[in-house]
Amino acid sequence: MLETKNLTIRFGGHVAVDGVSCAFQPGTLTAIVGPNGAGKTTYFNLISGQLPATSGEVWLDGENLTALGAPQRTRRGLGRAFQLTQLFAHLTVQENVRLAVQARRGLGLKLLSVWLSHRELIDEAQAILKRVRLEHRATDIAASLPHGDQRKLEVAMLIALDPKVYLFDEPTAGMSVDEVPVVLDLIRALKAEKKHTLLLVEHKMDVVRELADRIIVLHQGKLVADGDPATVIASPIVQEAYLGVAA
């Protein structure tokens, strides 16, 4: 279980995330919604360790991760996909996924010495690329991929890490209509495995309605609603704060 306890961060006089306490169970997908500037991505940054909390705690499976940086949290099982893709731009598509497989197995980041002697790891990387429909781009340089394929590659790297928790920050942002279903199918498949905790920041309410077991709403850094999708979307505070409809 992932849990945040009174998680807070201040930037000068501005409180970007304000005392958010929430627990997330394995086998569930929680959508985090709210207007622009509500603190959604900042909340993700606090969970994954990209930002240090001003106060509060982050727990995973009974371990307090608050003092750990992002790399240590990744090794504990927190996997993060960003709004802007985070790739090894000058390596090939397959090499990007290889490195993630390698890191998960604790084999370091030396490409040649490891890959030449571990064919099974290359095969695993290629299998993951097939899963995200990028096997035909395996030898292409990551920077040469169109935006939609870069998003798919980032998801492939996340899958290769096999985290306990998946944090998806607007995974379909900037993708064409034809590309979106591939990423959504991957998220559905991860959810169907019933062993991962999935958190999703997403502005497309049709995606939220379809995928989410639960919705939490942030507004001005505070947790203002939490429940099943139908109830939360219909609540007056969401209609006013998120959808712009007067209560």
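The values are calculated or read from the model by the stated rules, or taken from the named source; none is laboratory data. The structure displayed is predicted, hence computed values, not measured ones. Using ideal geometry, Cβ is built from the backbone for each residue, glycine included, and neighbour counts are taken over all protein chains shown. Surface accessibility is based on the protein's heavy atoms, side chains included, excluding ligands, DNA and RNA. Shrake-Rupley method; radii C 1.70, N 1.55, O 1.52, S 1.80 Å.
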message: So, R0 is 22 Å and r is the distance between the beta-carbons of A70 and R105; what FRET efficiency does that work out to, to 0.05?
response: 0.65
Label selected from (1) 19.4; (2) 22.0; (3) 18.7, the criterion being Kirkwood radius over Cα pairs in Å as computed here: (3)
task: Report the local net charge at K5: Lys and Arg +1, Asp and Glu -1, summed over other residues whose C-beta lies under 14 Å from its C-beta.
output: -4
task: Would you look at the GNM of the chain, springs on alpha carbons closer than 10 Å, and say which of A192, A156, A16 moves the most?
output: A192
query: Which aspartates and glutamates, on any chain, are close to K194 with Cα under 14 Å apart, when same-chain ones fewer than 8 places away are left out?
result: D162, D213
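Order T42, T139, T8, most accessible first, counting only protein heavy atoms with a 1.4 angstrom probe. Before the final figure, lay out the partial values.
Working: T42 30, T139 115, T8 10 Å².
So, going from the largest accessible area down, we get T139, T42, T8.
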statement: The pairs in K164/K204; K130/K222; K5/K130 lying past 29 Å Cα-Cα in this model are K130/K222; K5/K130
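Among residues other than A142 whose Cβ falls under 15 Å from its Cβ, what is the net charge (Lys/Arg +1, Asp/Glu -1)?
Working: positive: R98, R137, R151, K152; negative: E95, E135, D140, D149, E154.
Here the charged neighbours net out to -1.
Averaged per residue, what accessible area in Å² does segment 1-156 show with a 1.4 Å probe, protein chains only?
Using a 1.4 Å probe on heavy atoms only, each residue of segment 1-156 averages 46 Å².
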task: Report the extension gain between N36 and A234 in nm, rounded to one decimal, defined as 0.36 nm multiplied by the number of residues separating them, less their alpha carbon distance.
output: 69.3 nm
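What is the calculated FRET efficiency for E210 to Q126, with r their C-beta to C-beta distance and R₀ = 35 Å, to the nearest 0.05?
Values: r = 30 Å, r/R0 = 0.86.
The calculated FRET efficiency here is 0.70.
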statement: The correct ranking of F11, F24 by accessible area at 1.4 Å, largest first, is F11, F24
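Net charge around G77, counting only other residues with Cβ within less than 15 Å of its Cβ (Lys, Arg = +1; Asp, Glu = -1)?
Numbers: positive: R73, R75, R76, R80, R104, R105, K164, K195; negative: E3, D61, E63, D162, E193.
Around G77, the surrounding residues sum to +3.
What percent do you get for the relative contact order of the chain when only Cα pairs under 8 Å and 6+ apart count? Numbers along the way, then the final one.
Numbers: 455 pairs, mean separation 69.6, N = 247.
Relative contact order, the chain: 28 percent.
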field: Residue-averaged 222 nm ellipticity for the chain, from DSSP H runs of 4+ at -39500 (n - 2.57), nearest 500
entry: -11000 deg cm²/dmol
field: Heavy-atom accessible area per residue - segment 164-247, 1.4 Å, Å²
entry: 44 Å²
- prompt: To the nearest 10 square angstrom, what accessible area does R131 show with a 1.4 Å probe?
  reply: 100 Å²
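Which percent of the accessible heavy-atom area of the chain goes to carbon and sulfur, probe 1.4 angstrom? The partial results should precede the final answer.
On the way: 6080 of 11110 Å².
Its accessible area is 55 percent carbon and sulfur atoms.
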